Amino acid sequence: MAYENIRLEIEEAIAVLTIDRPKALNALNSKTLQELESAFNSLPTTVRALIITGGGDKAFVAGADIAEMASISSAQAREFAALGHRAFQTLEQLPIPTIAAVNGFALGGGCELALACDLIYASEKAKLGLPEVSLGVIPGFGGTQRLTRVVGKMRAKELIFTGERLDAAKAKEIGLVLEVLPADQLLAHCKAVAAKFLKNGPLAVSQAKRVIEFGADQDLRAANELERQGFAVLFGSEDQKEGMKAFLEKRPAGFTGK
Ligand code: HXC
């Protein structure tokens, strides 16, 4: 499908999705959110890892589009937030690992987009934050909830109440990003991490993500039950037989995803 504001490139089962409106620092307008939702819903089944990054050399995504939001009503704001939530939830529930390659400003909706990915890596020049209160609103694409789950309630409150932008090193210190890379190595690093996932059983990686995601919002007993179910289900797969046989035969496994 032809998109206006995003680009999707697929190479050896790794998809790189670039949000590409550099003149507006890749701000998320409705059109871009719709394109994202559509791209997430129609990823080819051959894709086994997704990397999201920003076009141009300044921004990952500088937020939801302020020009579009400036004069909308409460009802329209509800719809706009719902569109973003839908797109990001689709992203979060993809059955493959997802990585945010934060190559510059990841503010407001941009930070929220990164938070909907499984892993976040950042370039040395990245700046992350949720500055919505400086505009008289609050995060509306899941940031109040996802940031809190990643860095804890008190850090999330500090960041959201101050609206402060963190540099990459500070973001790493508080656990908001995993690693900080020189700008010209960020994408290669993310691809190398994705390539490691690709060596493993795809059903197992997918099941691990599902159990972690769904378990995180449940009490420990219910979450552990999810794990037990996921563990058992995999014993009905060819990959489990191949993975264990390959170990015993001292050879690399040839997983098929079946
Ligand atoms: C629309 C944006 C934008 C945004 C930048 N631009 N961010 N347009 N929405 N979020 C546009 C600018 O208007 C400008 O357009 C061009 O991109 C370049 O930006 P500059 O400000 O000139 O660049 P610079 O001085 O380098 O400053 C970079 C910046 C700043 C610090 C990132 O642009 C900034 O503060 N942006 C807004 C960040 C923000 O508040 N994000 C949260 C949005 S609220 P022109 O035409 O002048 O060249 C949000 C809510 C999510 O995300 C939930 C919704 C439901």
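The values are calculated or read from the model by the stated rules, or taken from the named source; none is laboratory data. Here the structure is a predicted model, which is why all the values come from computation and not from measurement. Because the Cβ atoms are built from the backbone with ideal geometry, glycine has one as well, and the counts that use them run over all protein chains shown. For the accessible areas, the whole protein counts, side chains as well, though only heavy atoms, and no ligand, DNA or RNA atoms are used. Shrake-Rupley method; radii C 1.70, N 1.55, O 1.52, S 1.80 Å.
Taken over segment 1-53, the criterion of being over 21 Å from G84 (Cβ atoms) and touching a Pro at 6+ places or on another chain (Cβ under 8 Å) is satisfied by I10, R48, A49.
For first residues located in segment 58-76 and of a type in the set (G, A, S), partners that are modelled with pLDDT of 95 or more and more than 10 Å from the ligand (Cβ to nearest atom) and lie 6+ apart or on another chain with Cβ distances below 9 Å form the pairs A59/I19; A59/N103; A62/G54. Checked against the criterion of being touching a Leu at 6+ places or on another chain (Cβ under 8 Å) and in a helix (DSSP H, G or I), the candidates A222, A171 yield just one match: A171. Filtering F161, F247, F141, F197 for residues that are assigned to a loop (DSSP other than H, G, I, E, B) and among the aromatic types (F, W, Y) leaves a single hit, F141. Elements of the type helices (runs of 4 or more DSSP H) sitting completely within segment 1-117 and holding at least 2 residues that are among the charged types (D, E, K, R) and either more than 10 Å from the ligand (Cβ to nearest atom) or buried (at least 24 other Cβ atoms within 10 Å of the Cβ) (or both): these cover 30-41, 74-92. Please verify whether A232 is outside the structural domain of D118 (by TED's automatic domain parsing) and farther than 25 Å from L119 by Cα, treating the condition exactly as stated. Judged against the criteria, A232 is a match. For segment 149-168: of the residues being open to solvent by less than 40 Å² (accessible area, probe 1.4 Å) and without any contact (Cβ under 8 Å) to a residue 40 or more places away in the chain, which is nearest to the ligand (Cβ to nearest atom)? That would be G163.
Taking the numbered list (1) in the same structural domain as A77 (by TED's automatic domain parsing); (2) open to solvent by 50 Å² or more (accessible area, probe 1.4 Å); (3) not β-branched (V, I, T) in turn, L176 passes all entries but (2).
Taken as a whole, the structure leaves D184 outside the set of residues that are modelled with pLDDT under 95 and either open to solvent by 80 Å² or more (accessible area, probe 1.4 Å) or assigned by TED's automatic domain parsing to the domain that holds K153 (or both).
If the condition is being within 19 Å of L166 (Cβ to Cβ) and hydroxyl-bearing (S, T, Y), then segment 88-129 contributes Y121, S123. For segment 212-232, enumerate the residues that are of a type outside the set (D, E) and under 18 Å from V150 (Cβ atoms). Scanning segment 212-232 gives I212, F214, G215, A216, Q218, A223. Note on segment 47-86: residues that are under 19 Å from Y3 (Cβ atoms) and not hydrophobic (A, V, I, L, M, F, W, C) total 8. No other residue among A204, A188, A223, A194 is among the aliphatic types (A, V, I, L, M) and farther than 30 Å from R251 by Cβ apart from A223. Got at least one residue in segment 192-212 being open to solvent by less than 70 Å² (accessible area, probe 1.4 Å), under 23 Å from A62 (Cα atoms) and free of Cβ contacts under 8 Å to residues at least 40 places away in the same chain? Scanning segment 192-212 turns up no residue that is open to solvent by less than 70 Å² (accessible area, probe 1.4 Å), under 23 Å from A62 (Cα atoms) and free of Cβ contacts under 8 Å to residues at least 40 places away in the same chain.
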